[in-house]
Amino acid sequence: QLVYPYDFRLTEKEKTSICYLSFPDSYSGGLGDTQFSFRLRQSGGQRTTHYEDDGEYNREAPLTLQRESAHYFGYVYFRQVKDSSMKRGYFQKSLVLVSRLPYVNLFQSLLQLIAPEYFDKLEPCLEAVCNEIDQWPPPVPGQTLNLPVMGVVIQVRIPSRVDKPGSSPVKQFNQENLLPAPLVLPSIHELDLFRCFQPVLIHIQMLWELMLLGEPVVVMAPSPTVSSEMVLALTSCLAPLRYCCDYRPYFTIHDSEFKEYTTRTQAPPNIVVGVTNPFFIKTLQHWPHILRVGELRMSGDLPKQVKVKKLAKLKTLDTKPGIYTSYKTFLHKDKTLIKRLLKGIQRKRPSEVQSALLRRHLLELTQSFIIPLEHYIASLMPLQRAITPWKNPPQIRPFRQEDFMKTLEHAGPQLTCVLKGDWLGLYRRFFKSPNFDGWYRQRHKEMTQKLEALHLEAICEANIVAWMKDKSEVEIVDLVLKLREKLVRARCQHLPVKEETLQRVGLYIETIIGSLPEDLQAVLHHH
């Protein structure tokens, strides 16, 4: 009906997809307001964004909060109320916020403020809100922002890559006598994991493994809210490791990827997809792991836990809640976690305390798994003394899976994790997953940049005049061109090099050029 700001360009395909994803696609008798999220593949070529320098934000943000380049997130506020003046007897409308940032808490909180006003006052409301949002500072990792909108100030901290994993966000903010007192969001993106995972708490281990290995998973839920929260909770449980596969918090039969995901001619893709339409039970029953959750039910104090069932038991339409899979976990269940959560339920501990327990458990599990990999990959870096100024830096040695496996005997996960099980088998499967590929590429890129930086430092420390003594003009010109290229690369890629090092290399280049005959100097300066 309306896109605001007006100059925001969406392709027709994107508009259609956004429309379908903005409404519950199965009959929901529920009246009132609901909120959920979706993620949408961008169609049509790359568009320049308002933020030309995604680079700077993405370098400083945690990998899990980087701005997406090929997907949009949609944050939806849907209202359904009885209204006899409407043809269907209902007023049904959605306000959707579209962003490349995965800040689910911030944007859903923002919608809670804006949407009720919007349904009342329509376009003028959006215009006023957009004018305020235009004044917001860009998100800078590590900073606490005060974001004024509609008479409220939302206060939130943007996480940074240098934050210690598992550290809780700073509780007391500098209030600076803000009046009215700000609406403080404890986290910009973290969901209430305990609430999201209630029906599957005893299967956390299995779900963590499925995510780690990038297995295809379908979440079948009674509503887009449950579906999108469960998918986002699942994809977040590997932090600080980045989940590198595709995921769709809410997916409908109208989606342009519907054919691609439901085809039986090839294996299901590495993706977690959340659906609500019962029709999917039929079209996705060949997927290897299907998590069916119902509306939340309590049995005594404990949320009713779903059971693991055989895929053959997947009955069309009246499927009972459960995890339908033949997957056997590599690691044994962690009984202590379940006991601690149970104790928390009995003592009526607040949900955020239970969530913190859960998040800490998942973090420790991920770190136990990843630390041996980090140690091994660090050992592939050439020794510092092998980096000499006048030779190209040595190569990073190749990652050999068997060599890595050998390191596990004395330095494996058992050092930091009490869980027993087939860790070796888990690593072998992990090597085949997109998450290993993503992790390895990221580390390799960081190490390559570190090598470049160390090489520049070595050049800085070298005695260039002594080197030039017995060199021909050709060799010297060659060095100038190489050094220049290195400088340009260091600046473009923002290598981890001190500014003074770069300036010294610049001076070196000038010194070398100055020692050459004038005709060559002119050519090089012209370059």
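Which helices count as membrane-span-like in the chain under these terms: full DSSP H, at least 15 Å along the axis by C-alpha, Kyte-Doolittle mean of -0.5 or more?
Helices meeting the criterion: 104-121, 123-134, 224-236, 335-346, 351-378, 473-492, 499-514.
Report the trypsin sites (Lys or Arg not before Pro) located in segment 439-527 that are in a DSSP loop and have at most 11 other Cβ atoms inside 10 Å of their Cβ, or state none.
Taking segment 439-527 and a limit of 11 other Cβ atoms within 10 Å, the loop trypsin sites (Lys or Arg not before Pro) found are 469.
Over 36 Å, how big is the tail of the calculated P(r) for the chain, in percent of all Cα pairs?
Percentage above 36 Å: 44.
As a test, work out the antiparallel percent of DSSP beta bridges whose residues both lie in the chain, rounded to the nearest 5.
Percent antiparallel among DSSP bridges in the chain is about 70.
Name the residues whose placed amide hydrogens come within less than 5 Å of the amide hydrogen of residue 304, ignoring near sequence neighbours (fewer than 5 apart) on the same chain.
Under 5 Å from the amide H of residue 304 lie the amide H atoms of 297, 298, 299, each far enough along the sequence or on another chain.
Ignoring the sites themselves, what is the longest stretch of the chain with no chymotrypsin sites (Phe, Trp or Tyr not before Pro) in a DSSP loop and at most 11 other beta-carbon atoms within 10 Å?
It runs 28-527.
So how far apart, in nm, are the two label points at residue 431 and residue 83 if each is 7 Å from Cα heading toward Cβ?
About 6.0 nm, to one decimal.
Answer with one residue from 514, 474, 460: the one whose Cα lies farthest towards the positive end of the charge dipole of segment 406-527, charges on Cβ with Lys, Arg +1 and Asp, Glu -1.
Among 514, 474, 460, the one farthest towards the positive end of the dipole of segment 406-527 is 460.
Non-local amide H neighbours of residue 248 (under 5 Å, H modeled in plane, Pro and chain starts lacking H): which ones?
272, 273, 274
Need the list of lysines near residue 348 for cross-linking: C-alpha distance under 23 angstrom, and skip anything on the same chain fewer than eight residues off.
Answer for residue 348, where 23 Å is the Cα cut-off: 171, 304, 335, 339, listed by chain and number.
Note down the magnitude of the dipole of the chain about its Cα centre, charges +1 on Lys and Arg C-beta and -1 on Asp and Glu C-beta and zero elsewhere, to the nearest 20 debye.
Here the size comes out at about 2940 debye.
What shape does segment 303-423 take by its C-alpha gyration tensor, where a ≥ b ≥ c are the square roots of the eigenvalues and a/c under 1.5 counts as rounded, a/b above b/c as prolate, and the rest as oblate?
Prolate, because a/c is 1.5 or more and a/b exceeds b/c.
Using the Cα centre of segment 343-462 as the reference point, and only Cβ charges (+1 on K/R, -1 on D/E), how large is the resulting charge dipole? Debye, rounded to the nearest 20.
Once rounded to the nearest 20, the dipole reads 620 debye.
What list of ³J(HN,Hα) values in whole Hz, one per residue of segment 181-194 in order, does the Karplus curve 6.51 cos²θ - 1.76 cosθ + 1.60 (θ = phi - 60°) give from phi, with Gly and Pro shown as x?
My calculation for segment 181-194 gives 4, x, 8, 8, 9, x, 8, 7, 9, 6, 7, 7, 4, 4 Hz in order.
Among all the aspartates and glutamates, which ones have a C-alpha under 14 Å from residue 320's C-alpha, if same-chain residues fewer than 8 places away are not counted?
List returned: 295.
Quick note: the coordinates plus some simple rules give every number you see, no bench work behind them. Just so you know, these numbers come straight off a predicted model, no measurement behind them. Note that we place each Cβ from the backbone using ideal geometry, even for glycine, and neighbour counts take in every protein chain shown.
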